[in-house]
Amino acid sequence: MSDTIVTDAVAATAFRRLVAHLQHRTDVENIDLMGLAGFCRNCLADWIAEADGDLTRDQAREIIHGMPFAQWKAQHQGEATPQQIAKMQESVAKNADNH
């Protein structure tokens, strides 16, 4: 996909909307996102930290979760079931190596 399909301003606006959506939908756990899409809030935060270079993973995760990750995890994340883990592993295996 070419980076010239959307402007940086459009991409930034869409990204902010995605982050707001993920912060709002706390009923959707990261393990389920991983199982369906092959990425989750933590992945998105890690990509931000890598792209920025100055942010730590914890700082980026706080940006994405809207609170410190430990707090988000305690409030919104349950124990993953064996089925969720298997679905996540199958989904992640489909990911390209370069992202």
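None of the figures in this text is laboratory data; all of them are computed from the coordinates on show. Remember, predicted model here, so these are calculated numbers, not experimental data. Note that each Cβ is placed from the backbone with ideal geometry, even for glycine, and that neighbours are counted across all protein chains shown.
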Residue-averaged 222 nm ellipticity for the chain, from DSSP H runs of 4+ at -39500 (n - 2.57), nearest 500: -20000 deg cm²/dmol
[x] 5.6; [y] 6.1; [z] 7.0: which one is mean projected area of the Cα convex hull in nm² as calculated from this entry? [z]
Can you give me the Cα centroid spacing of region 72-99 and region 1-67 in angstrom? 15 Å
Nitroxide proxy distance, nm - points 7 Å out along Cα→Cβ at ALA37 and ASP54: 2.8 nm
